[in-house]
Each structure stands twice: as structure tokens, then as C-alpha cells.
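What follows is a single structure, written as C-alpha cells, with notes after it.
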Amino acid sequence: MKQNTPSALYLPGGLLFLGLFVLPMAGLFIESLRFYEPGSIGSAADAPFTLDNYAELLKASFAGFLWQTVKVSLLASVVGIILAFPMAYWIARRLSPQWRSLALGFFVTLMFLSVLVRTYALELTFGATGPFGSILREIGIATNGRGYIQVLVAAGLLHYIIPMSTLTLLGTIQSVDPRLNEAAQVLGAPNWKAHLSVTMPLCMRGVLASFLFGFTFSISAFVIPMILGKGRVLFISNLIYTRFSEIANYPSGAAISVVLFALAMLIVYVLTRLVNRSIQQ
Amino acid sequence: MSGRNIDDLLRFLCKFINIAVVVFLMTPIVVTAIMSLDSRSYLGPLPPPSLSLRWFKAFFSDSYFLSGLATSLKLAVLSVSISLLAGLTTAYALDRSRFRGKDALVSFFLSPLVVPPVVIGFALLLFLSKMGLINGFARLLCGHIIITVPYAIRATLAAMSEIEDTYTEAALILGANERQAFWSVTFPLARAGIVSGGIFAFAVSMDDVAVSIMLTDAKTYTLPIALISSMRANFDLSIAAASMVLMGSTVILIILLEKLVGLNRAMGQGGFR
């Protein structure tokens, strides 16, 4: 009975995706190959095709933005998992059911929290003008330095990644039978060794999934580097917006978009394969 | 050092990390809450000498913010309704069909979740301009539909795939037609999933910046866009008040999610504790 679904049911979703996703993405790809006349708004309708927009991205300045995006994103997603794991474990195994629901509510609220609220709150608190800004300056940290701004952007990403990873890992840890760990301890392993050789490998899937979510979130982050980066730390997303809003070079913005799109897809593809492989084992 | 000593050390370390994490997550929110009640007209050191509601009044009497809020609410309600309808038909079709490449089709319908929103916004900007669509609200609506519809599809599909086929079969054997079986069996059983998809989609629409910033114009803008542009202009504390209002609405959404669906269910839960 499963076969006779009227394919008309695919129509509303299919049309929406065609008009708002497939065609725009195809148009983006075509635009990225158009010749751009400096000073004009976007490409001309009959502009010739060229690879110049991509060639421009091979220069060192773009590589710098790319590396900065990847570096800060990697830092945030790895640190996020390290900080979220003990938290998830504590919630899963140490809290009573009432406290566990409360902790769950706390982290879900933090995950749902508007990205604007987070960035504004972090800027207000740890930014150069905030109450912690002056304390940090007193102990010799330059709050307008590039290094500090990078840390601040990573903190912005972490403010989302920690709750998200905690919730992801919570599900994984809850599905690991605690008796396995006890068995290892009965057989003479200290607790840390039991966790390292029993709990951790069984949680690999959740760890990889958290990393996947955290890394793709960070790579495509827009508001966090825009507000906390103060123009000194820019992610690729911000570069695309600048190409559109400041110089109206649409073909170049489109080429950067295609690169960012390809990067995001590559990360999702590789990590999803890793996650699936860890299920099979 | 023996294994048990390492255990104690690690246990202490984990406890320390947990406390540090909660402090890191909560401090900015507490600081913003205090600042939003600050009675001074400038950004001074904490704690403020006296508290007042002036920034909340300033936020709620600012026509720039209020018009953004109205646009945001209209956009969210419209885009979530359209997304839920499209999500319902698509998820039902996907749930009922078996063919090679179905997994690829599911991934396709979920793919806007992993495409960077700025890229979606930029692609839509180019496409809608080429199509001659210049109405600001219509452009924003297009953007909000495509970023919310995957959430509706995902949640509805997850809920529908949990329903045993035998329930629908039983309804059909008892004489219901496909439509009756859908409305009396599938839809009620999937309702919790649809609701959680709608709540996720609503939150995404209300919070979006990256797509909206590409499609907005001088007259039609959402609340996040209004907040961002005044955030960049001057660090005015009515944004702190706005943040508290937004946070309050997040809490209300979560309570709704808990009451209507249950957080454990909405977020997924493992077997052992």
C-alpha cells in the first residue's frame, strides 16, 4: 500500500524548492562566471563568461579570510565539545529527573536564544566598553587587539555551540549502558580508563555529530563575526555581504558564495560519512 | 599517582569546567539584564546606581523598532504557515513512498539547513531582482519560507515515520479511504511533531539576519535588522531592553514546546540514563 502515493503531493514543496532554492542557486553559479565592469551594479545582462572572479580568490588576501574563518571555527567547535562533554555526562548520570528536566530546559532555551541577543550581551559584557573590558585591560589584555577580538568571536560561537553540543551529547550518553562502564571497573580499570576505553568510543557518533553541527554553524556564521569582529575579524559570510553592500560587485560575491557553499557541503559530506561509519562499527 | 587519584583529579576538573561553563553562559545574560534596567543615559560601570524602566519605554515607543517588530511577526506567521503546509504534503509524500534514491530526495529537502544562510540570501537577491520582484515584503517572505520549510519537513517526517503502518492499514481495512485515514490517523498522531516543527520554524524566522539583510529595503525591515543597524550606529541601551523582550519570548516558546510536545521528545532522547 506504500506505493500509490499521488505524486501531486510533491507539488507544493517541489515548486517552492525549485523557485526559491534550485533556480536561485543555479543563477548564483552563472553570475559567478560573469565578467564584472568595476563601478557598475552587478554584471551586465549580456556580460561575457570568465573565470576572473575565481582567479581573484586565489590571492593571499582571500586565503587570509578563509584561513581565519576555518581557524576560529575549528577552535570553537573543538573547545565546545571538550566543554560540553563533562556537562552532558553530569546531566545524564548525576542529576535527579526533576533537575535533569530543568537543565534540559536551560540548555534548550540557550540554544534557541536569538543570535542577536547573544552577540549584543557578549559585546556588552566582554567588549572594550563593557564592565569586564576594563578589568581585562588592567591585567594587560588589549581589548582592541586582533587576538582578543578573535577570542571574542570564538566565544560568541561557543555561546551557541556549548548548549547545542551538550544536548547532542546528552542523547548519546543516555543511550550508553552505564553497566558497561561498571563492568570495566569491576574488572580492575580505574574510572578514567573505563571512560576512555568504554564510554568514549561508544559516544564517538555523538562527538562527531556535535563537531559537524558546530563546525558548519561556525563556518557560515554571519552576525557573530559581524558584531563581535568589529570589522577587524571578518568571516567569509561577511565578505559576501560586503561585496554586495559596499561595492555592488555581484559576480565576485557570487564566486565567494560558491566557494563557501562548496566548503560547507564538503564538510557535511565528509563528517556525515564518518558519523555513518561509526554507527556501522 | 594511582588510578583512583587521577579519578579524583579528573572529577574535580570536570566539576570546575561545568561551573565555568555555566558562568560563561549566564554572565552576559545577567549583565544585559542589569544594564537594561540602568537608569543612566550613558554606558557606565556596573552596578548602576539606580534602576528604571526607561530603556524598555524607549524601546516600546521607538517607531523604528516597532515597525520592525510588526514586519517580523507578520513574516514569521505567514512563512511558518506556508512552510507547515508545504512541509505536511512533502513529508506525507516522502513517508508514503518507497523508491531508490528516496534518501537523496530527503537530503535535498533538508539541504537549505546546511547551506550558509548568507549564500541563500545572496542567491535569492540575484534571482528575485532578475525576476523583477521588487516588493520588499514579498522578497523577505520568499527568503523566510526557504529557511523555515526544512524545519517543517524534518519534524513532520520524523513524527510520521514513527507511526506504525499497521494503524493506517487498520483504518483502510475498516473502510476509510486514504483521505479519511490521513485525517483520522496520521495527522493526529503526527501533530506533536508538526507543532515542534512550527515552533522551530517560528524561532528561525524571528531570529534571521543573514538572509533578511540581503532582501530588506529602506521601508521593509525586520526587528533583527532594525536592531543590528542601531547596534552599529550607537551602543544604545534600548537594545538591551529589546534583548530582554526577545529573551522573554524565547522562554515563552520553550515553555510552549515543553507543554505541547515535551522537550525530551522535541530534542530526542536516549534509552539509558
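Tell me, please, whether a residue that is more than 12 Å from chain A (Cβ to nearest Cβ), surrounded by fewer than 17 Cβ atoms within 10 Å (Cβ to Cβ) and basic (K, R) can be found in the stretch B:6-14.
From the stretch B:6-14, those more than 12 Å from chain A (Cβ to nearest Cβ) are none; that's our starting set.
No, there is no match, as no residue in the stretch B:6-14 is more than 12 Å from chain A (Cβ to nearest Cβ), surrounded by fewer than 17 Cβ atoms within 10 Å (Cβ to Cβ) and basic (K, R).
What residue, among those in the stretch A:123-145 that are touching a helix residue (DSSP H, G or I) at 6+ places or on another chain (Cβ under 8 Å), without any contact (Cβ under 8 Å) to a residue 12 or more places away in the chain and among the aliphatic types (A, V, I, L, M), is farthest from A:L75 (Cα to Cα)?
Of everything passing the filter in the stretch A:123-145, A:L124 is farthest from A:L75 (Cα to Cα).
Spot the failing condition for A:M226; the list is (1) more than 18 Å from A:V151 (Cβ to Cβ); (2) buried (at least 20 other Cβ atoms within 10 Å of the Cβ), and only one is missed.
(1)
Determine whether A:R34 is over 23 Å from A:T216 (Cβ atoms), at pLDDT below 90, more than 9 Å from every other protein chain (Cβ to nearest Cβ) and touching a strand residue (DSSP E or B) at 6+ places or on another chain (Cβ under 7 Å).
yes
Please specify each residue of the stretch A:128-149 satisfying the condition of being facing chain B (nearest Cβ under 7 Å) and β-branched (V, I, T).
A:T129
Looking only at the stretch B:94-117, how many residues end up being charged (D, E, K, R) and not in a loop (DSSP other than H, G, I, E, B)?
So the first thing to find is which residues in the stretch B:94-117 are charged (D, E, K, R), and the list is B:95-96, B:98, B:100, B:102-103.
If we keep only those that are not in a loop (DSSP other than H, G, I, E, B) as well, we get B:95-96, B:102-103.
Number satisfying all stated conditions: 4.
Please pick out the residue among B:R191, B:R232 that is on the phi < 0 side of the Ramachandran plot, surrounded by fewer than 20 Cβ atoms within 10 Å (Cβ to Cβ) and within 10 Å of chain A (Cβ to nearest Cβ).
Only one candidate passes the filter, namely B:R232.
Does A:Y148 meet the test of being within 29 Å of B:S205 (Cα to Cα), touching a residue at least 12 places away in the same chain (Cβ under 8 Å) and of a type in the set (S, T, Y)?
No; evaluated as a whole, the condition is false for this residue.
Matching residues to (1) under 24 Å from B:L215 (Cβ atoms); (2) in contact with a Pro (Cβ under 9 Å, 6 or more places away or on another chain); (3) surrounded by 16 or more Cβ atoms within 10 Å (Cβ to Cβ):
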| site | (1), (2), (3) |
| --- | --- |
| A:P201 | no, no, no |
| A:L208 | no, no, yes |
| A:F235 | yes, yes, yes |
| A:N238 | yes, yes, yes |
| A:A254 | yes, no, yes |
| A:V259 | yes, no, yes |
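Is there a residue being more than 10 Å from chain A (Cβ to nearest Cβ) and surrounded by 15 or more Cβ atoms within 10 Å (Cβ to Cβ) anywhere in the stretch B:35-46?
Yes, the conditions are met somewhere in the stretch B:35-46.
Looking at B:F202, B:F187, B:F182, B:F235, can you tell me which residue is aromatic (F, W, Y) and modelled with pLDDT of 90 or more?
Unique residue meeting the criteria: B:F202.
Exactly one of (1) exposed (fewer than 15 other Cβ atoms within 10 Å of the Cβ); (2) at the interface with another protein chain (Cβ under 8 Å from one of its Cβ atoms) is unmet by B:K57. Its number?
Checking B:K57 against (1) exposed (fewer than 15 other Cβ atoms within 10 Å of the Cβ); (2) at the interface with another protein chain (Cβ under 8 Å from one of its Cβ atoms), the one that fails is (2).
Just checking, which of B:A91, B:A138, B:A123, B:A152 is more than 8 Å from chain A (Cβ to nearest Cβ), within 29 Å of A:L33 (Cβ to Cβ) and either at pLDDT below 95 or assigned to a helix (DSSP H, G or I) (or both)?
From the options B:A91, B:A138, B:A123, B:A152, the qualifying one is B:A138.
Based on what the data block shows, is B:L172 assigned to a helix (DSSP H, G or I) and either under 26 Å from A:T109 (Cα atoms) or touching a residue at least 40 places away in the same chain (Cβ under 8 Å) (or both)?
Judged against the criteria, B:L172 is not a match.
Among the numbered conditions (1) free of Cβ contacts under 8 Å to residues at least 40 places away in the same chain; (2) closer than 20 Å to A:T272 by Cα, tell me where B:Y151 comes up short.
So the condition that B:Y151 fails would be (1).
Do we find that B:S205 is touching a residue at least 12 places away in the same chain (Cβ under 8 Å) and within 11 Å of chain A (Cβ to nearest Cβ) in this structure?
Here the answer is no, as B:S205 does not meet what is asked.
Residue pairs, Cβ under 7 Å, 6 or more apart or interchain, first in the stretch A:173-188 and under 16 Å from A:A92 (Cα atoms), second among the aliphatic types (A, V, I, L, M) and buried (at least 19 other Cβ atoms within 10 Å of the Cβ). List them.
Listed by first residue and then by second, the contacts come to A:I173/A:A88; A:I173/A:A92; A:Q174/A:A92; A:L180/A:V198; A:N181/A:A194; A:N181/A:V198.
Does B:S83 satisfy being touching a residue at least 12 places away in the same chain (Cβ under 8 Å), closer than 27 Å to A:G156 by Cα, surrounded by 15 or more Cβ atoms within 10 Å (Cβ to Cβ) and polar (S, T, N, Q)?
Working: touching a residue at least 12 places away in the same chain (Cβ under 8 Å): yes; closer than 27 Å to A:G156 by Cα: no; surrounded by 15 or more Cβ atoms within 10 Å (Cβ to Cβ): yes; polar (S, T, N, Q): yes.
In short, no.
Which residue, of A:E31, A:E37, is of a type in the set (D, E) and surrounded by 18 or more Cβ atoms within 10 Å (Cβ to Cβ)? Spell out how you get there, then give the answer.
Details: A:E37 fails: surrounded by 18 or more Cβ atoms within 10 Å (Cβ to Cβ).
Just one listed residue meets the conditions, A:E31.
Can you pull out the residues in the stretch B:96-118 that are in contact (Cβ under 8 Å) with a residue 12 or more places away in the chain, under 22 Å from B:A159 (Cβ atoms) and either more than 11 Å from chain A (Cβ to nearest Cβ) or crowded, with 20+ Cβ neighbours inside 10 Å (or both)?
Matches in the stretch B:96-118: B:V106, B:F109, B:P112.
The values are calculated or read from the model by the stated rules, or taken from the named source; none is laboratory data. None of the values given here were measured: they were computed from a predicted structure. All Cβ positions, even for glycine, are placed from backbone atoms using ideal geometry, and neighbour counts span all protein chains on display.
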